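Undergrad: Pasting a structure here, questions to come.
The values are calculated or read from the model by the stated rules, or taken from the named source; none is laboratory data. This structure is a prediction, so every number in the text was calculated from the model and none was measured. Virtual Cβ from ideal backbone geometry, glycine too; neighbours counted across all protein chains shown.
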Amino acid sequence: MAKLRVGIVGASGYTGGELLRIFLHHPNAEVVQATSEHHAGRGVGTVHPNLRGRSSLSFSRRDALAPCDALFLCLPHGETAPAAEALLPMAGRVLDLSADFRLRDPAAYPRWYGFGHPRPDLLGRFVYGIPELHRDQIRSSRMVAVAGCNATAVILALHPLFAEGIAPSDGTVVEVKVGSSEGGAAFSVSSHHPERAHCLRSYRPTGHRHQAEIEQELAVRGPVRVHLSATAVDEVRGLLATAHVFPTRAVDEKEIWRLYRRAYGEEPFVRIVKGRDGNYRYPEPKVLWGTNTCEVGFELDAASGRLVVMAALDNLVKGGAGQAVQCFNLMHGFPEAAGLEFPGLHPV
Amino acid sequence: MAKLRVGIVGASGYTGGELLRIFLHHPNAEVVQATSEHHAGRGVGTVHPNLRGRSSLSFSRRDALAPCDALFLCLPHGETAPAAEALLPMAGRVLDLSADFRLRDPAAYPRWYGFGHPRPDLLGRFVYGIPELHRDQIRSSRMVAVAGCNATAVILALHPLFAEGIAPSDGTVVEVKVGSSEGGAAFSVSSHHPERAHCLRSYRPTGHRHQAEIEQELAVRGPVRVHLSATAVDEVRGLLATAHVFPTRAVDEKEIWRLYRRAYGEEPFVRIVKGRDGNYRYPEPKVLWGTNTCEVGFELDAASGRLVVMAALDNLVKGGAGQAVQCFNLMHGFPEAAGLEFPGLHPV
Amino acid sequence: MTASYAPCPVCDAEVPVPPNPVLSELLVCESCSVALEVRALDPVVLDEAPQEEEDWGQ
């Protein structure tokens, strides 16, 4: 059975690089086109050093794009929607890793992303890309908007509680601690090493864009409000979300264990981590670098009733390229874990 | 064809953990025994968090060890030789990751490792485990002493120059910059985070043990002396060796390119890196985390004639568990890269 | 006949109990990986196995 032909638009960025890495060992598909206006004509290894000697592919220009079986869009937010007209017809299935088609409500775009959506008509045709929530819809869809990295962690952490009505419709506070690769490959004054190293920097105490898709996906029993803050830490990869939930009724640990086991017990890419001993008792990003796994754990404060839920993942993999491939596998009937077996490194 | 049955003695340490990770996806072999006196009875995931939910294996006691096809020994230096009597008969092939059988000269052990070798008779039966140097011998051997991490990098960096007579028999200076995982899983006052973080620490300016195996393997044209210093840096994985060679005759860049291409052009796990642009122009450890690749590069100082050769690798993989599996594959006629395909991550 | 499963005292998962278990036999709960001990038979009752608490002071 010939391998499926895959294209990546914007392949010189970090998620594009991770897609190239993951498809190196995908049994059913191969990348035949990797566009980059800036690096056109150069080997992918010149930008992604881990691919040196591993891939003979060179970057091509977007206008040279030929139709293929599946197309991954890794363009900056705000650039994908205007290019949809030209790009969508190029492939039977399209997976967009930008935020341009994640929100169903067109009015949310001016509010959260500062631009009026040029193609509101398309919003309803993209399925929101978290397989653990929308596996059947993704299987039968032709267009997926892969979820944001912070959103994926927060949603996986909290969805079972909102679905069960244990989390209140307002008042949940979530802090995400994030690494520098979330900002992508473009450098800036704030990513300059002497300024960025050793930072513990409150870079978005309020108004984090991912709040929009989080509130969209957690509104299982009606509209909800989640209060999100983001702090940058001295890391490149990985994020840790810590959610503070004040349950609507009394719950005990066993009920929470049962709830999360029922939600994620059979999931290949969600691991419940709440241990008693050792260094890694709760979810921790560095163990997950390069893997498609999201770890979820919790602790119930018996004194106050506050339920703390933690979730960790690699923002470039389960929060990006890996989740995109997971959706891609579902859309084509391939094994869901195809190409995504890397178990992570210890110690790092 | 049934999978080969592999045992690991001392599997709760970092190289043991990497062997368990690598064999998760090895087409021809599986780990059936992983001993740890301290953790016997507990799942391997309790010590190696990346294996949680990925391996159902539990640690067992060494005295419960049953014969198997191949045995990897990951005991501390000085503990393997005394245990050889009991362990060697356990498997058709034995790969030792300690330093106890790396040196051919018994007299070197008191001098470099501070103990008289209890089994000098065995020293000649172990092949020194760098496939790029001893591929044929390893193929036909039953016992391999897998090379040390610093030694692997320094030897791969310099061997072509010593084989060609370009490097002098004395006067070569090499500085290795190393991470904390080289010290293994045992914690100490110096590995305490507030003391170890952000260090740039000259921890072995002289008398580094690996000098013995380096001088042994580079003595291609007669005895040599190499002057090694080690500096600890604020990293967990990876090492960078920078060698300063004062050639015995005038050489130019092209000759050096030809020499290294001839030595490593066909090697699956050595990558020559000497670039003109981009962030990764010379060998760099972080690109190699988790991979079995050693990057080698050089720069010739036209003014002085000094030839600087650089080599980078992951001390736990090409400098340990990965190289052991590479040797294991050769010894059993499996594809040399079986289980060792992971290309590394970017960015990290 | 003794139960082939018993509830984990920590996370309430169904813990598989090997045939003819003995008192103070050690098991590990797959779900929360806590070490458990058989405290009673017919039916099998599990409790946390005694463990020295590691000092993880931050």
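Undergrad: For the list (1) modelled with pLDDT of 95 or more; (2) within 14 Å of another protein chain (Cβ to nearest Cβ), I need the number of the one condition that B:V308 fails.
TA: Failed condition: (2).
Undergrad: Further question: Anything in the range C:1-30 that is within 14 Å of chain A (Cβ to nearest Cβ), in contact (Cβ under 8 Å) with a residue 12 or more places away in the chain and among the acidic types (D, E)? List them, or say none.
TA: Within the range C:1-30, C:E30 is the sole residue that qualifies.
Undergrad: Further question on the same structure: Could you grab me the full set of residues in the range B:123-173 that are in contact with a Ser or Thr (Cβ under 8 Å, 6 or more places away or on another chain), aliphatic (A, V, I, L, M) and more than 28 Å from B:A84 (Cβ to Cβ)?
TA: Of everything in the range B:123-173, those that are in contact with a Ser or Thr (Cβ under 8 Å, 6 or more places away or on another chain), aliphatic (A, V, I, L, M) and more than 28 Å from B:A84 (Cβ to Cβ) turn out to be B:L158, B:I166, B:A167, B:V173.
Undergrad: If B:Y264 passes every condition in (1) of a type outside the set (V, I, T); (2) more than 30 Å from B:V31 (Cα to Cα); (3) not assigned by TED's automatic domain parsing to the domain that holds B:K177 but one, which one does it miss?
TA: B:Y264 satisfies every listed condition except (3).
Undergrad: Scan B:S181, B:S190, B:S169 and give me the residue that is more than 24 Å from B:R102 (Cα to Cα), surrounded by 13 or more Cβ atoms within 10 Å (Cβ to Cβ) and touching a Phe, Trp or Tyr at 6+ places or on another chain (Cβ under 9 Å).
TA: Answer to the selection: B:S190.
Matching residues to (1) touching a helix residue (DSSP H, G or I) at 6+ places or on another chain (Cβ under 7 Å); (2) free of Cβ contacts under 8 Å to residues at least 24 places away in the same chain:
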{"site": "B:L4", "(1), (2)": "no, no"}
{"site": "B:G13", "(1), (2)": "no, no"}
{"site": "B:G17", "(1), (2)": "no, no"}
{"site": "B:L20", "(1), (2)": "yes, no"}
{"site": "B:E30", "(1), (2)": "yes, no"}
{"site": "B:H38", "(1), (2)": "no, no"}
{"site": "B:R42", "(1), (2)": "no, yes"}
{"site": "B:P49", "(1), (2)": "yes, yes"}
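Undergrad: Of the residues that sit in the range B:269-304 and are of a type in the set (D, E, K, R) and over 22 Å from B:V325 (Cα atoms), which one is surrounded by the fewest Cβ atoms within 10 Å (Cβ to Cβ)?
TA: Restricting to residues being of a type in the set (D, E, K, R) and over 22 Å from B:V325 (Cα atoms), the top hit is B:R276.
Undergrad: Now for a different question. Of these, A:V348, A:V308, which one is among the β-branched types (V, I, T) and within 22 Å of A:E182 (Cα to Cα)? Please lay out each step first, then the result.
TA: Values: A:V308 fails: within 22 Å of A:E182 (Cα to Cα).
Only one candidate passes the filter, namely A:V348.
Undergrad: Follow-up question, since we're still on this one. Testing A:P268 on (1) in contact (Cβ under 8 Å) with a residue 12 or more places away in the chain; (2) more than 12 Å from every other protein chain (Cβ to nearest Cβ), one condition comes back false. Which one is that?
TA: (2)
Undergrad: Could we say that C:S33 is exposed (fewer than 14 other Cβ atoms within 10 Å of the Cβ) and either touching a residue at least 12 places away in the same chain (Cβ under 8 Å) or within 29 Å of A:Y264 (Cβ to Cβ) (or both) here? Give the derivation first.
TA: Numbers: exposed (fewer than 14 other Cβ atoms within 10 Å of the Cβ): no; either touching a residue at least 12 places away in the same chain (Cβ under 8 Å) or within 29 Å of A:Y264 (Cβ to Cβ) (or both): yes.
Taking the combined requirement at face value, the residue does not satisfy it.
Undergrad: Across the range B:271-305, what is the number of residues that are in a helix (DSSP H, G or I) and more than 10 Å from chain A (Cβ to nearest Cβ)?
TA: First pass over the range B:271-305, keeping only residues in a helix (DSSP H, G or I): B:285-288.
So of that shortlist, the ones also more than 10 Å from chain A (Cβ to nearest Cβ) come out as B:285.
Residues meeting the conditions: 1.
Undergrad: Hey, does the range B:320-329 have a residue that's within 14 Å of chain A (Cβ to nearest Cβ) and either assigned to a loop (DSSP other than H, G, I, E, B) or touching a strand residue (DSSP E or B) at 6+ places or on another chain (Cβ under 7 Å) (or both)? So that I can check it myself, show each step before the final result.
TA: Taking the range B:320-329 and keeping what is within 14 Å of chain A (Cβ to nearest Cβ), we get B:320-322.
Now drop any that are not either assigned to a loop (DSSP other than H, G, I, E, B) or touching a strand residue (DSSP E or B) at 6+ places or on another chain (Cβ under 7 Å) (or both), which leaves B:320.
The answer is yes; a qualifying residue exists.
Undergrad: Sticking with this structure for a sec: Could you pull out the residue among A:E235, A:E215 that is in a helix (DSSP H, G or I) and either at pLDDT 95 or above or not assigned by TED's automatic domain parsing to the domain that holds A:I130 (or both)? Full working, then the answer.
TA: Numbers: A:E235 fails: in a helix (DSSP H, G or I).
From the options A:E235, A:E215, the qualifying one is A:E215.
Undergrad: If a residue has to be of a type in the set (D, E, K, R), assigned to a loop (DSSP other than H, G, I, E, B) and in contact with a Pro (Cβ under 9 Å, 6 or more places away or on another chain) to count, how many in the range A:1-46 make the cut?
TA: The number of residues fulfilling the criteria is 1.
Undergrad: Scanning the range B:51-73 for residues that are touching a strand residue (DSSP E or B) at 6+ places or on another chain (Cβ under 6 Å) and among the small types (G, A, S), which turns out nearest to C:L27 (Cα to Cα)?
TA: Top of the filtered list is B:S58.
Undergrad: Okay, moving on. Between a residue in the range A:236-257 that is within 29 Å of A:G183 (Cβ to Cβ) and facing another protein chain (nearest Cβ under 8 Å) and any residue that is of a type in the set (V, I, T) and in a loop (DSSP other than H, G, I, E, B), which pairs come within a Cβ distance under 8 Å, given they are 6 or more apart or on different chains?
TA: Within 8 Å, the pairs are A:V236/B:V348; A:R237/B:V348.
Undergrad: Tally the residues that are in contact with a strand residue (DSSP E or B) (Cβ under 8 Å, 6 or more places away or on another chain) and either in contact (Cβ under 8 Å) with a residue 24 or more places away in the chain or among the aromatic types (F, W, Y) (or both), restricting the search to the range A:206-223.
TA: To start, the set of residues in the range A:206-223 that are in contact with a strand residue (DSSP E or B) (Cβ under 8 Å, 6 or more places away or on another chain) comprises A:206, A:208, A:210-211, A:213-218.
The next check asks that each one be either in contact (Cβ under 8 Å) with a residue 24 or more places away in the chain or among the aromatic types (F, W, Y) (or both); those that pass are A:208, A:210-211, A:213-214, A:216-218.
Summing the residues that are in contact with a strand residue (DSSP E or B) (Cβ under 8 Å, 6 or more places away or on another chain) and either in contact (Cβ under 8 Å) with a residue 24 or more places away in the chain or among the aromatic types (F, W, Y) (or both) in the range A:206-223 gives 8.
Let's see how each residue does on (1) within 14 Å of another protein chain (Cβ to nearest Cβ); (2) farther than 23 Å from A:V146 by Cα:
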site	(1), (2)
A:V31	yes, no
A:R42	yes, yes
A:P49	yes, yes
A:S56	yes, yes
A:R61	no, yes
A:D69	no, no
A:C74	no, no
A:T80	no, no
